[in-house]
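All remarks here apply to the structure that follows.
The values are calculated or read from the model by the stated rules, or taken from the named source; none is laboratory data. The structure displayed is predicted, hence computed values, not measured ones. Because the Cβ atoms are built from the backbone with ideal geometry, glycine has one as well, and the counts that use them run over all protein chains shown. Areas reflect the complete protein model, heavy atoms only, side chains present, ligands, DNA and RNA absent. Shrake-Rupley method; radii C 1.70, N 1.55, O 1.52, S 1.80 Å.
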Amino acid sequence: GWKIHVSATDKNAVDILNTLVPFLIQRLVPFKVIRNMETYCLLSQKPFSRVQYGKFITIYPSCTKQCMELLEELSDILQKFDGPRILTDRRYKNCMVLYYRYGGIRPQCEYDNQGMMHTYITDGLGHTVEDVRHPYFFLPDGIADIMEEESRNVDSYLFSEYDVKNALRFTNSGGAYIAVHRKTGEKVLIKEARPHTVLDGCGHDAIFFREKEATMLRELYSSGFVPRVVDAFFEQEHYFLVEEYIEGHTLFHFIMESNPIMRLESAEKVSDYLLQIMEYAEELCKFLAILHEKGYV
């Protein structure tokens, strides 16, 4: 059935909890909440699930009618709060912390051959389907949204300026993408930062750290050791840093492909390899000296 999620930040979570608990208890509505703020902040970090983060409070309405009534009341109560976007859900109207989705409340659970648990629900056509949590709002076949589809005629600077070719990776804090600048034809790397992720307990989030990275790259670009900042902008609450794309291998790939010790090759090749490593180390030491001169640790 329909369930409601309320997101929060490390700064307003207690206020949201104190606001909602009396409201839900008075109406005898079941709910659950993250155990403590340490756990919630931990779940905001990069390695953790991007489709689970933000679900600070989960509310279980008894039926569709009650779900719609609760959403309407909660949108007024929670209007002043801000929080992370919940990727699996749809935001209710313009309330920044209120979301809903159709999924398992008492789902069937099965385990596969690798010991991973899968949950199953019944769709609107009576079929048993897996309750998949996509990083976008998704409805099973035969289930109609409880809200009217909102118009999405929003101009996108990202897609008007850049032709995104593919994604390198996704983390809780955002994705990294390879793209081509439509006007210049330059190949670029786009790094995304989601608000209210990678919380550090001091009021900073992924956007703060990505903006700091942009500042450092601009300051250090003349050293020749860092990529050029091509662009930086906000779109739909997310921050995007665009850097020149540098072709090449990481040190990890260099070691895996070139290490003669792992392949039991000749002493001469080992010697050449070690000399190459020392050249890289010397370059790193030069860059460290530049960083220290500028006051970085």
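Screening PHE81 with (1) modelled with pLDDT of 95 or more; (2) open to solvent by 10 Å² or more (accessible area, probe 1.4 Å); (3) within 20 Å of PRO135 (Cα to Cα); (4) among the hydrophobic types (A, V, I, L, M, F, W, C) gives one miss only, at (3).
Would you say LYS93 is charged (D, E, K, R), open to solvent by 30 Å² or more (accessible area, probe 1.4 Å) and on the phi > 0 side of the Ramachandran plot?
For LYS93, the condition - charged (D, E, K, R), open to solvent by 30 Å² or more (accessible area, probe 1.4 Å) and on the phi > 0 side of the Ramachandran plot - is met.
Scanning the stretch 35-59 for residues that are at pLDDT 95 or above and surrounded by fewer than 19 Cβ atoms within 10 Å (Cβ to Cβ) returns a single hit, THR58.
Among residues of the stretch 214-269 being assigned to a strand (DSSP E or B) and charged (D, E, K, R), the one that is surrounded by the most Cβ atoms within 10 Å (Cβ to Cβ) is GLU243. So THR122 passes all but one of these: (1) touching a residue at least 24 places away in the same chain (Cβ under 8 Å); (2) more than 19 Å from PHE56 (Cβ to Cβ); (3) among the polar types (S, T, N, Q). Which condition number does it fail? Tallying (1) touching a residue at least 24 places away in the same chain (Cβ under 8 Å); (2) more than 19 Å from PHE56 (Cβ to Cβ); (3) among the polar types (S, T, N, Q), THR122 fails exactly one: (1).
Does at least one position in the stretch 115-136 carry a residue that is at pLDDT 95 or above, in a strand (DSSP E or B) and of a type in the set (D, E, K, R)?
Restricting attention to the stretch 115-136, the residues satisfying the condition of being at pLDDT 95 or above are none.
No, the stretch 115-136 contains no residue that is at pLDDT 95 or above, in a strand (DSSP E or B) and of a type in the set (D, E, K, R).
Could you list all residues from the stretch 263-290 that are within 30 Å of MET216 (Cα to Cα) and among the small types (Gly, Ala, Ser)?
Our first condition is that a residue be within 30 Å of MET216 (Cα to Cα); within the stretch 263-290, this holds for 276-290.
Result: ALA281, ALA289.
Of all residues in the stretch 180-200, exactly one satisfies the criterion of being within 23 Å of the chain's Cα centre (by Cα) and of a type in the set (Gly, Ala, Ser), namely ALA193.
Restricting attention to the stretch 213-226, does a residue exist that is touching a helix residue (DSSP H, G or I) at 6+ places or on another chain (Cβ under 8 Å) and free of Cβ contacts under 8 Å to residues at least 12 places away in the same chain? Write out each step before concluding.
Here is the first cut: in the stretch 213-226, the ones touching a helix residue (DSSP H, G or I) at 6+ places or on another chain (Cβ under 8 Å) are 220, 223, 225-226.
Then drop every residue that is not free of Cβ contacts under 8 Å to residues at least 12 places away in the same chain, which leaves 226.
Yes; the residues of the stretch 213-226 include at least one that is touching a helix residue (DSSP H, G or I) at 6+ places or on another chain (Cβ under 8 Å) and free of Cβ contacts under 8 Å to residues at least 12 places away in the same chain.
Scanning the stretch 159-207 for residues that are open to solvent by 50 Å² or more (accessible area, probe 1.4 Å) and among the polar types (S, T, N, Q) returns SER160, ASN166, THR184.
In the stretch 50-82, the residue that is nearest to GLU192 (Cα to Cα) out of those that are in contact with a helix residue (DSSP H, G or I) (Cβ under 8 Å, 6 or more places away or on another chain), of a type outside the set (Phe, Trp, Tyr) and part of a loop (DSSP other than H, G, I, E, B) is GLN52.
Assess whether SER75 counts as being in contact with a Pro (Cβ under 9 Å, 6 or more places away or on another chain) and either surrounded by 15 or more Cβ atoms within 10 Å (Cβ to Cβ) or not hydroxyl-bearing (Ser, Thr, Tyr) (or both). In short, no.
Taking GLU38 as the residue in question, decide whether it is within 20 Å of ILE105 (Cα to Cα) and in a helix (DSSP H, G or I). Give the derivation first.
Numbers: within 20 Å of ILE105 (Cα to Cα): no; in a helix (DSSP H, G or I): yes.
Criteria not met by GLU38.
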